[in-house]
Structure formats: C-alpha cells, structure tokens
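Written out below as structure tokens is the structure these notes cover.
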Amino acid sequence: MKITLAGTPGSGKSTIRKLIAEHYQMEVKATGDFMREAAKRHGFSDITKFLVEYVSTHPEVDREVDAEQKRFGENHDHFVLDAHLGFHFVPDSFKICLTCSFEEAGRRIFEAKRQTEDATTVEEAVITSRKRRETMRTNFLELYQVDIDDFEQFDLVLDTTEMSPEEVFAKLTKAIDSTETV
C-alpha cells in the first residue's frame, strides 16, 4: 500500500502520517525533513525564509528533493509519504490532501514551537504559513506545471480545521480501508 499525504502547513500531516504508519505498519518518509535538512545546510533556521529567499531562486533544491521521492515511490511498496508533490511523483498511491484555515494552522504551528519556524506570535505564524503555501504553489507551478491547490488530483481531501487528530485519523482509515486501489 502506497499513501501520499499532502496539504497546507499546520493541517496535521506530521501527526497523521505517524498514526497511519503505526496503524498500517508502514514505512514513513517526509520530504519536509529533506527540505529542513537542506535549509540548515544553507544556513537557514526558518523553513519559510529558506523557501522564499533561497529555494525560489534555486530550483535545483526542489528537483533534488522531488527526485528522491520519485525514486522512493518506485523502489518501495508499503509506505506513507508526507510530501506536497508526492501525489504527482508517486501516481500509483492513494492520494490524500489535508487542508486547514491559515488562522488555525498558524495557531497550531506557533503552539507546537517548531524548531524550524521563527514566528514569535500567532499572527506571525499565520502570515508565514500563508507565505509558505503561496511560495510552494508558485514554485511547483513553474517547475512542474502542477497546481497543489487543484484538489481534483487527490483521492481524498479533508479539512482538518475543526477536527482533532483522532477524528481525522478515523475518517482517513475508513476511506483507506474502503479503497480497492490501495
């Protein structure tokens, strides 16, 4: 079973990928981890600043990360891949997209005190979440002509704004279990 998990920053992808992986005993891979490692290598502590200030003018970073996820999808059969373009690079996966309002996403990110986010207020976290999503969308449209906001590309789209992780997980497992293509 191959599952790709995409969505807006703060929508719960990291939490849900762990729950899915444990439930189905799957390997976990996340391109966000690769991107954060690249940010550190290039001297950035904040992932949004890295994406906006560096990756936007250095498309080779996206291409390296994307090539890795494509290879991973071709060489593995039982995994959950947390990747904004995973659905594009692993076309034979069950494609899930989690969405969330920017206000709730900013609150979640700020309260989680992510080490790769420099926001000092919830409002800053909201602004950087929005900027991060807009930058990713622009970059992916330019690089691959793929619109990450075109939800018709996914098998399941779920708005997590008003949901607990347990509620999200319950809905996802129900959909995954009822799918014959997985």
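Observations on the structure shown:
- Placing +1 on the Cβ of every Lys and Arg and -1 on the Cβ of every Asp and Glu, with nothing else charged, gives the chain a dipole about its Cα centre of roughly 400 debye.
- Förster radius 30 Å - calculated FRET efficiency between Ala112 and Gln25, Cβ distance, rounded to 0.05: 0.70
- Thr120 versus Arg71: modelled label distance in nm, points set 7 Å from Cα along the beta carbon direction: 4.1
- Both radii come from the Cα set of segment 80-182: Rg as radius of gyration, Rh as Kirkwood radius; their ratio Rg/Rh reads 0.99.
- Build a GNM of the chain with springs between Cα atoms under 10 Å apart, and of Thr160, Thr138, Thr57 the one that fluctuates most is Thr57.
- Low-density loop positions, GluC sites (Glu not before Pro), segment 1-66 - DSSP coil, at most 10 other Cβ in 10 Å: none
- Entries of Lys18/Lys49; Lys95/Lys171; Lys70/Lys95; Lys49/Lys171; Lys2/Lys49 with Cα pairs more than 23 Å apart: Lys18/Lys49; Lys49/Lys171; Lys2/Lys49
- Extreme residue, positive dipole direction of segment 2-177, given options Ser93, Thr120, Ala170 (C-beta unit charges): Thr120
- Stretching the chain fully between Phe151 and His58 yields a gain of 30.8 nm (0.36 nm per residue, less the alpha carbon separation).
- Given (i) 1, 8, 17, 22, 22, 17, 10, 3, 0, 0; (ii) 1, 8, 15, 19, 17, 13, 9, 6, 3, 3, 2, 1, 1, 1, 0; (iii) 1, 8, 12, 14, 14, 11, 9, 7, 6, 5, 4, 4, 3, 2, 1, 0, the label whose value is P(r) over Cα pairs in 5 Å bins from 0, in percent derived from this model: (i)
- Taking a Cβ cut-off of under 13 Å around Val28, the surrounding Lys, Arg, Asp and Glu residues balance to a net charge of +1, with basic ones at +1 and acidic ones at -1.
- A cut-off under 12 angstrom between Cβ atoms defines the neighbours of Pro59, and their net charge, with Lys, Arg +1 and Asp, Glu -1, is -4.
- Multiplying the residue separation of Ser14 and Thr138 by 0.36 nm and subtracting their alpha-carbon distance yields 42.4 nm.
- Phi-based couplings in Hz for segment 10-25 (Karplus 6.51, -1.76, 1.60; Gly and Pro marked x): x, 7, x, 4, 4, 5, 5, 4, 5, 5, 5, 4, 5, 5, 9, 6
- Simple spin-label estimate for Ser178 and His78 in nanometres, 7 Å along Cα-Cβ: 2.6
Read-outs throughout are calculated quantities, based only on the coordinates presented, and are distinct from any laboratory measurement. Nothing here was measured: the structure is a model prediction, and the numbers come from that model. Ideal geometry is used to build each Cβ from the backbone, glycine not excepted, and the neighbour counts take in all protein chains shown.
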